[in-house]
Amino acid sequence: MIQQSIYFRNFILITFLIVLTSCQDYNELIENEKHHNTDEMLAVLDRIHQRCSDITHIYDLPLKSVENRPLRVIVFSDHPKYHELLEPEFKYVGNMHGNEVTGRELLLRLAEYLCQEYRNDNEEIKNLIENTRIHLLPSMNPDGWEAAVQYAWNHTKSGQFKDISTMLKESGTTDWIAGRSNANNIDLNRNFPNLDEFMYEYKHNANYRNNHLDIEAFLSLLVGNDCQNNSYQIETLAATFWILKKPFVLSANLHNGALVANYPYDDSENHRRMYSSSPDDPLFQLLAESYSSTHKTMQSQQKSCDTDVFPEGITNGAAWYPVCGGMQDFNYLASNCFELTFELGCKKFPPGKELPSLWNDNKKSLINFMWQTHLGIKGLILNEEDDMIYDATIKVNRLINNDWEYIDHDVTSNIEGDYYRLLIDGTYAIQVISPGYEIQTQYVHVHNKPNQKSAKRLDFILQRKSTRRVNLEQIFRKFFKMVRSSLFPSLSLKYFLLFFSINY
Ligand SMILES: [Zn+2]
């Protein structure tokens, strides 16, 4: 009997200890009402990585901030270290404005949540992580964060709070500007190459382009300054190369100061305040609403921040106020990535004690928005020998009232030959073009379902053009080049005819 009661007591004790240690484990990762300084933020990311090492990977952007702080990213995926064929990549960027901090803290909580729920076998989170590669950059401007906090501490009555951590928990910071910019006092969200300007200029030319303006981006970085005539900053350069290099499909940039989901374009021709729609306007509206409609208050607000009222909790960027040199339009115009900007609340640096309710307001929308990475179509572009074709152009035409309407924003295939095209529901003709291959068109009906694990698969196997056809095209290209570059088109024509008359 005594023996049995000892066993029973030990059983209760061990069970209690297991429960206690697992609870401690959970709490250790992050403190609910705390604002994390840079060192604490990096430590949280490390702890999450240690806890979930099989589904996370940590890396830094190639350059550090002006004050030498790392721009650290945590990745979630079932194969977190590399791009998996046909698995789309997603990113969240927080704290680009150093004193706008909700995104920074929510991304830490999101990372903890993804890690913990994956371990808890939460089916939705497992599906999301196994089918998406998710990059979280909690702070793009850690120097600004430190400056905002130092400014607030220096302007706090002595003795009001026992330390900085208590000040942040009880009152956050309240200055509207201090810490917004980087350590060189440059606003990073005005510091990206102004690709809108190229796009509007090209609009008046025959060879209009509004995508993959990467050469224009490099040229701007090499020779120019930003819209406000400031030099390009190290944080901007780091983010620029990140955007150009990684095969991101969808992204959001998290800010504070309003409560709204903002979508491209952020700028208009001549920088006027007006609705400035991109060719993907209906898609961007849907993406913005995917966030606002699942947020606790974004759609129900009544003039919440002394700014405009936003129907449905969404706005076109330039219709609200034009932004020149912003990161959102840069993503869309330079890469395959579609980015939106979410303003997560009126207070820029809310008291830490409000963070749990902010997490509660945004949790569902943060998850729901990541699912949108799987809208539309995706697939492989191969040749008949099964080689992947890099940089093929994917053109989209949508059937509207029995007419095919070109959505004038092409995407391209990645280095491994996979491509992703976010699309709203509809019937489409998808055309794939790659030099040396016959153009191929396929028709597809897109019907997106909530939380679908994959976009609709649509592969293309391209046939090589005959050598004669390739040569003829080359000849015509040369001719047009001569005409374009010549002051004497008639002379070019003469040379061309001479050139063409030679029998091969
Ligand atoms: Zn901002």
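Data for the structure
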| item | result |
| --- | --- |
| Residue match in segment 238-248 (condition: part of a strand (DSSP E or B), within 16 Å of the ligand (Cβ to nearest atom) and not polar (S, T, N, Q)) | no |
| Qualifying position, being away from the ligand (no atom under 16 Å from the Cβ), β-branched (Val, Ile, Thr) and closer than 19 Å to Phe284 by Cα, among Ile381, Ile424, Ile415, Ile389 | Ile424 |
| Met167, sole failed condition from (1) of a type in the set (A, V, I, L, M); (2) closer than 30 Å to Cys52 by Cβ; (3) away from the ligand (no atom under 15 Å from the Cβ) | (2) |
| Selection status of Asn127, at pLDDT 95 or above and more than 27 Å from Asp39 (Cβ to Cβ) | yes |
| Residue that is farthest from the ligand (Cβ to nearest atom) [pool: residues in segment 88-131 that are in a loop (DSSP other than H, G, I, E, B) and surrounded by fewer than 23 Cβ atoms within 10 Å (Cβ to Cβ)] | Asp121 |
| Criterion (under 30 Å from Lys126 (Cβ atoms), surrounded by fewer than 20 Cβ atoms within 10 Å (Cβ to Cβ) and not aromatic (Phe, Trp, Tyr)) met by exactly one of Asn397, Asn368 | Asn368 |
| Residue among Gly345, Gly325 that alone is in the same structural domain as Tyr291 (by TED's automatic domain parsing), under 19 Å from Tyr200 (Cβ atoms) and in contact (Cβ under 8 Å) with a residue 60 or more places away in the chain | Gly325 |
| Leu259 of a type in the set (A, V, I, L, M) and away from the ligand (no atom under 16 Å from the Cβ) | no |
| Boolean, Leu71 is under 22 Å from Glu33 (Cβ atoms) and either assigned by TED's automatic domain parsing to the domain that holds Asp175 or touching a residue at least 24 places away in the same chain (Cβ under 8 Å) (or both) | no |
| Every pair of residues 6+ apart whose Cβ atoms lie under 6 Å, when the first sits in segment 193-207 and is farther than 15 Å from Ser278 by Cβ and at pLDDT 85 or above while the second is in a loop (DSSP other than H, G, I, E, B) and not acidic (Asp, Glu) | Asn194/Cys227; Asn194/Cys324; Asn194/Gly325 |
| Residue list for segment 176-189, restricted to those being within 14 Å of the ligand (Cβ to nearest atom) and either surrounded by 14 or more Cβ atoms within 10 Å (Cβ to Cβ) or more than 28 Å from the chain's Cα centre (by Cα) (or both) | Ala178, Gly179, Arg180, Ser181, Asn182, Ile186, Asp187, Leu188, Asn189 |
| Segment 76-86: number of residues that are surrounded by fewer than 23 Cβ atoms within 10 Å (Cβ to Cβ) and either closer than 18 Å to Tyr59 by Cα or out of contact with any Asp or Glu (no Cβ under 8 Å at 6 or more places or on another chain) (or both) | 7 |
| Breaking point among (1) out of contact with any Gly (no Cβ under 7 Å at 6 or more places or on another chain); (2) away from the ligand (no atom under 16 Å from the Cβ), for Trp320 | (2) |
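The values are calculated or read from the model by the stated rules, or taken from the named source; none is laboratory data. All of these numbers come straight from a predicted model, not from anything done at the bench. Reconstructed Cβ throughout: ideal geometry from the backbone, glycine too, with neighbour counts over all protein chains shown.
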